[in-house]
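Report on one structure; see the data block that follows.
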Amino acid sequence: AAGLMTNAEGLEYVRLVNGDSTSDIYLYGGCVTSYKVGGQEYVAVRPDAKMDGSKPISGGLSHCWPQFGPGEIQQHGFARNVNWTVKSMTDTTVELEMAPSDYTKEMWDKEFLCTFTVALEDDKLSTRMLVENKGEEAFDFQAALHSYF
């Protein structure tokens, strides 16, 4: 069944269903951890990945934002270790949002809104990330969807 679920460690995720295809997207990190077609898994998550929110999920399609790699803020930014919120959801599509929080503002004081959409289509899994500048000042960022297959 499609909908909002909770794993054994207490983390929420959205399960999308379209025919014999499923996809799981965790709110923690906005991370796609599964894409199955006919029982065949196409996304890898490390066997030792922490699925309890104690650290970023290691594997899947994880976000590196607003920085990729090392730099002025923590490695790969903060998008992969904050909770995203569900803006909208159907059986086959979910739209997640990430907005500034006290935690993110300590590292990066920009006014932004990130929207991440995952759609389980008939023949593929599609993703889209939109970054909006909600402030007065321009800012630079780097973005990557770090995939594990």
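Miscellaneous remarks
- Apportionment of accessible area to carbon and sulfur, the chain, percent (1.4 Å): 45 percent
- Spin-label pair Arg128-Lys36: with each label point 7 Å from Cα along the Cα-Cβ axis, the two points sit 2.8 nm from one another.
- Heavy atoms of Lys105: accessible area, 1.4 Å probe, square angstrom to 10: 90 Å²
- Solvent-accessible heavy-atom area per residue, rounded to whole Å², over the chain at 1.4 Å: 54 Å²
- Residue-count net charge about Ser101 - beta-carbon cut-off 15 Å; Lys, Arg +1, Asp, Glu -1: -1
- Label-point separation, Ala8 to Thr117 (7 Å along Cα→Cβ), nm: 3.6 nm
- Extension reserve of the Ser54-Gln75 stretch, reckoned as 0.36 nm per residue once the Cα distance is removed: 6.0 nm
- Normalised per residue, the volume of the convex hull around the Cα set of the range 67-127 (Å³): 87 Å³
- Computed over Cα pairs, the Kirkwood radius of the chain leads via Stokes-Einstein (0.692 mPa s, 37 °C) to a diffusion coefficient of 210 µm² per second.
- Summing charges over neighbours of Met5, with a neighbour being any other residue whose Cβ is under 11 Å away from its Cβ, gives -1 when K and R count +1 and D and E count -1.
The values are calculated or read from the model by the stated rules, or taken from the named source; none is laboratory data. Source: prediction; values computed, not measured. Ideal geometry is used to build each Cβ from the backbone, glycine not excepted, and the neighbour counts take in all protein chains shown. Surface areas here come from the heavy atoms of the whole protein model, side chains and all, with no ligands, DNA or RNA. Shrake-Rupley method; radii C 1.70, N 1.55, O 1.52, S 1.80 Å.
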